[in-house]
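All remarks here apply to the structure that follows.
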Amino acid sequence: MNPTITKRSVYRNIDIGQIVRYRLPAAGWVSILHRISGALMFVLLPLVIWMFDASVTSQTSYDAFMAVFAGGGVVPAWLFKLIALALIWAFVLHLIAGLRHVWMDLSHHAVDLRPGRRSAIFTLVTSVLLTLAFGYTLFF
């Protein structure tokens, strides 16, 4: 055997049971959550269209729209507020993650490990803080 030949690393796919133990970096979480938030916004698009239509059509439709948030309808108010909060989270995270991608495209140094990690953590923390702030105004 030739001593100058080094052994190459072997890469393998992880098993489904290893997913819970796998430590995904912050940029990976941002990437996955960016996709989930986009899908959630797409699924809730009929609700967004209804909310916009009900809030601007007439005073009567606006009163009906506000009654949903106050309770007394088919869906309990807290559940509708929770769905609205999920939509707020999806929009905030998707917006900040999208701006992060634009920033990474415009500045080539942002693609490096340290700035990428910092921007991913900034995206996660900022989206959670803004969602909590909007959720506070929604529920209280």
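Read the figures in this text as sums done on the coordinates, not as results from a lab. Worth saying up front: this structure is predicted, and the values here are computed from it rather than measured. FYI the Cβ positions are ideal-geometry reconstructions off the backbone, even for glycines, and counts take in every protein chain you see.
Some observations on this one:
- This structure gives percent of Cα pairs over 22 Å apart, computed directly, and of (i) 57; (ii) 44; (iii) 49 that value is listed as (i).
- Spin-label model, THR126/TRP29: points 7 Å from Cα along the beta carbon direction are separated by 1.7 nm.
- Helix 113-139 axis versus longest C-alpha principal axis of the chain: approximately 20°, rounded to the nearest ten.
- Remark: MET66, MET41 ranked as MET66, MET41, counting other beta-carbon atoms within 10 Å and listing the fewest first.
- Springs join every pair of Cα atoms under 10 Å in this Gaussian network model of the chain, and among GLY116, GLY28, GLY17 the largest mean-square fluctuation is at GLY17.
- Net lengthening on full extension, MET66/PHE139 (0.36 nm per residue, minus Cα-Cα): 25.0 nm
- Tilt relative to the chain, helix 59-70 - C-alpha long axis, 0 to 90 degrees, to 10: 60
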